[in-house]
1. Could you work out the relative contact order of the stretch 80-135, using alpha carbon pairs under 8 angstrom and six or more residues apart, expressed as a whole percent?
2. Which of rounded, prolate or oblate describes the stretch 310-385 when judged by the alpha-carbon gyration tensor and an a/c cut-off of 1.5?
3. Considering every Cα-Cα pair within the chain, what fraction, in whole percent, is farther apart than 29 Å?
4. Which percent of the accessible heavy-atom area of the chain goes to carbon and sulfur, probe 1.4 angstrom?
5. At a probe size of 1.4 Å, how large is the accessible area of SER302, to the nearest 10 Å²?
6. Kindly report the accessible area of the chain per residue (heavy atoms of protein chains, probe 1.4 Å, no ligands, DNA or RNA), in Å².
7. Could you check what % of the DSSP bridge pairs in the chain are antiparallel, to the nearest 5?
8. Specify the inter-centroid distance of the stretch 11-42 and the stretch 130-201, based on alpha-carbon positions, in whole Å.
Amino acid sequence: MNSFKYVAVNIIGTLLRGFPFPCKTGLVKIGNPDENSPVFLTGNYCVTVERVKRVLEKNDIDCYLLVANSRGINVWCSAAGGHFTHHDVISVLKTGGIERCVNHRNVILPQLAATGIEARVIKGKTGWNAIWGPVYAKDIPEFIRNGYGKTPEMREVEFPLMHRVEMAVMWAFPFSAIVIFMAFFLWRSALLPLFVLTWLLPLLIFVFFPLYSKLLTPRKKGAGFSRYTVIFDFSKVPLILEATFVLFLVMYSIFIGKLSLELLFRWSFVSFVIVLLVSIDLMGSTPVYKSGLHEERLLKVSLDEKKCRGCGICKQVCPRNCHEIDEERHVAVMPRAKKCVQCGACIVQCPFDALYFASPRGKRIPPEVIRKFKLNFLGKRLRKE
């Protein structure tokens, strides 16, 4: 039954990944935990909860899992958008009954929640110490074996093939439903080819992402008629994909002896619309780039060395491994700053307020602003508390 639920949740969650998928909050016992067992915490996005439970159960890890209210949204998106904050963590710590189950006060939080959850507020209001766990649930067993220590690989987000396929499905499923509905009334003879096309193009775009990802220029300023029309900001990639498809279409039409201007125009237009829709926020659909819809992609994380104490928290929470600690000077450095996705986790968590955002014109955005104002879908910061 548990296996069936796991498969069903993953299928539904993948098809409808763009929508909230909440599950019940509260305390879950994994195995046979006792008063010394570790306590993990995650948001109530159903797919995440099932995947975390799966890893813990398969590795026979006796522990407690607290499910906090993230509004049914995945950890990174909910934390960045102000839907998953330390208030939600504090609430489940106080009401979930965990304090009666263990004799320690250490809770392991998902690292990607660091952009919206303030560890020091949790400590101040509950006495619980927040420990930042690995980015992916699959690394939890090694994380525990290392005494809650993380390797650089555990701290960094990736975009492997399986994740890219999931993103392709996220785009393809709703598009195919809409396209098939419209084609049923307007172009019934092309139902099957349209269905195949709406699945094939997103799959090609994401599966082959590593081959063209370096062509993307996230810090480039918008050049189109609207700052939301990202396809014009990063025109090389979508146009290459579209040109490749049209070339294949021409060759196929010649091969079957049915090449015509009407056929070429009709399918070229349909494919262009699909490529446009998928590419309009291509970078935002990946964990390795900042969304092209967010103006914050132009910001730079800067350091006030006078305030920095080299505590290393920025290194622990950065999902792109941008930070290192200069042991001689006891300050943080960013040798891999080009990989930064401006998530703000390092700024939010720094206990000395030594980090901040700086705009291209030199405007300083202090830590208190990043902590109080969270990003909405279009990248605007709105007050969430």
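The values are calculated or read from the model by the stated rules, or taken from the named source; none is laboratory data. Because the structure is a prediction, the values reported are computed rather than measured. Protein only, heavy atoms only, side chains kept; ligands, DNA and RNA dropped before computing areas. Shrake-Rupley method; radii C 1.70, N 1.55, O 1.52, S 1.80 Å.
1. Details: 61 pairs, mean separation 24.4, N = 56.
Relative contact order of the stretch 80-135: 44 percent.
2. Numbers: a/c = 1.88, a/b = 1.72, b/c = 1.09.
It is prolate, given that a/c is not under 1.5 and a/b is the larger ratio.
3. Values: 35791 of 73920 pairs.
Result: 48 percent of Cα pairs exceed 29 Å.
4. On the way: 12250 of 19590 Å².
Roughly 63 percent, rounded to a whole number.
5. Taking all protein chains as shown, SER302 has close to 20 Å².
6. Working: 19590 Å² over 385 residues.
In whole numbers, the chain has 51 Å² accessible per residue.
7. Here the antiparallel bridges make up roughly 60 percent for the chain.
8. So the two Cα centres are separated by 19 Å.
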